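K.L.:
Questions regarding the structure given below will be posed in turn.
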Amino acid sequence: MAGTDQILELDTLLDLEHQALLGGDLDHVVRQAKTRERLLANLGKSVGTRRLSGLKSKLIRNQNLLEAAMEGLRSVQNRMANMKDVRNALQTYDPTGQVSPIDTRVDARLERRF
């Protein structure tokens with residue numbers, strides 16, 4: 001009976017995790033990680049493989065969503081780094097097709113003309 005309770009608890013947790021991933025609530029996923037690990041570790045070999053197939057598909061589904069979220073975060077991080085670079089220099093192409101930087105930094109010196 002304990003195996004069935006654990007399966008139901010894990011099943012519910014995976015559904016909640018799925019909703020959190022779809023909603024972008026990565027904090028929820030992190031907060032539930034230890035509970036998920038504990039439940040997975042406690043399942044043991046006493047539970048039949050057929051009963052675990054539904055959990056396996058949910059685990060794979062959530063893993064794919066988590067990987068997509070991480071890829072999105074890496075993309076944002078790269079884009080922000082590129083935006084920082086744009087403030088310092090603009091890149092264009094020269095007549096040979098090579099990248100040619102154009103310095104866009106403003107000189108802090110003030111020239112006085114009288």
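No value in this document is a laboratory result; all are computed from the given coordinates. Everything numeric in this text was worked out from a predicted model, so none of it was measured. Note that each Cβ is placed from the backbone with ideal geometry, even for glycine, and that neighbours are counted across all protein chains shown.
K.L.:
Rg and Dmax of the range 2-103 over Cα atoms: what are they, in angstrom?
P.N.:
Answer for the range 2-103, Rg first and Dmax second: 22.2, 72 Å.
K.L.:
Moving to a separate point now. Based on Cβ point charges of +1 for Lys and Arg and -1 for Asp and Glu, what charge dipole magnitude is obtained for the range 2-103 about its Cα centre, in debye rounded to the nearest 20?
P.N.:
440 debye
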